[in-house]
Amino acid sequence: MPPVPLRRCIAARLLAAALVGGGGLPAFAGAPDRGAAEIAALLAHLGESTCAFERNGQWYSGSEGSAHLKRKWRQASLGGGDATAEQFIDSVASRSSETGQPYTVRCDQGGDSPAGQWLMRLLQQMRKAGQ
């Protein structure tokens, strides 16, 4: 299947998150705010990508990495409160809460990147495309 332009993917994900209240992400139940929609879009992009996700020395597919971060986000969100995408990236998606080791993302043409940096770049692209 040919890759879908990032701008179109991002717009569709943000719209879907806004319409369905987080689509399968129980931690985002209720009226979605901007942070929840952006987090859902980041996770969807990773999950649908051909990138690999490394945690604690083992590589996983992008969809497995996304699923892990979703579970971790649900656990972190049990106390309530609305988080921004930046808070999600910093507190949940950048490093292992068990070992403290940073997560890594490896994409076909981009090489290895710390997951936090990769997600921040993606967030910036999403916001720019949404303007």
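A few remarks follow.
- The accessible surface of the range 82-131, taken with every protein chain in place and a 1.4 Å probe, is 43 percent carbon and sulfur.
- Calculated accessible area for the range 35-89 comes out at 45 Å² per residue, all protein chains present (probe 1.4 Å; ligands, DNA, RNA ignored).
- With every protein chain in place and a 1.4 angstrom probe, the accessible-area ranking of Glu86, Glu48, Glu98, largest first, reads Glu98, Glu48, Glu86.
- 10 Å binning of all Cα-Cα separations within the range 31-131, expressed as whole percents from 0 upward: 15, 53, 28, 4
The values are calculated or read from the model by the stated rules, or taken from the named source; none is laboratory data. Here the structure is a predicted model, which is why all the values come from computation and not from measurement. Surface accessibility is based on the protein's heavy atoms, side chains included, excluding ligands, DNA and RNA. Shrake-Rupley method; radii C 1.70, N 1.55, O 1.52, S 1.80 Å.
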